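J.: Structure below; questions to follow.
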Amino acid sequence: MVSSHSYADFERDYETNLSKIRSFLAQPSYSNAQGNAANISQCEKALRDAKNCVHAMQGMAEIEGDPFKLEDAKRKLEREVGPLEEEIRGRKGHHIAGGGASGVSAGGWGRFKKSNG
């Protein structure tokens, strides 16, 4: 089966999913518990979709033999998806434990970690 998706198509889908995740994470987690659980579930789905897009981007870059696109896809996975995944995991753990508000990091979307040094 031949896919008609290009690297740019996967990248656009990736950005759409990241936008959804950031929008969900920007909402306060202390509102109603049922709504929070739904947000977490939607975040997890968008995260899976974003990861699938990045993996497809990596595959496309390898097929095209484009080291710049390959490095860009790896960077997205490490610097964007990874921190968002941690933020979602933290929200989920906080929600399961019955906690209240979980703050969004200083970067606004869980993108940057605070340095200890």
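Laboratory data are not the source of any read-out in this text; all were calculated from the coordinates shown. Quick caveat: nothing in here was measured; it's all calculated off a predicted structure. Neighbour counts run over all protein chains shown; Cβ positions are idealised from the backbone, glycine included.
J.: Using modelled backbone amide H atoms (1.01 Å from N, in-plane), which distant-in-sequence or interchain residues come within less than 5 Å of D66's amide H?
T.: none
J.: At 0.36 nm per residue, and after removing the present C-alpha to C-alpha distance, how many nm does the segment from F68 to A38 gain when stretched out fully?
T.: Values: separation 30, 0.36 × 30 = 10.80 nm, distance 3.70 nm.
Value of the extension gain: 7.1 nm.
J.: Which distance in nm do the two modelled labels at D9 and N52 give, with both placed 7 Å along the Cα-to-Cβ direction?
T.: Spacing of the two 7 Å Cα→Cβ label points: 1.4 nm.
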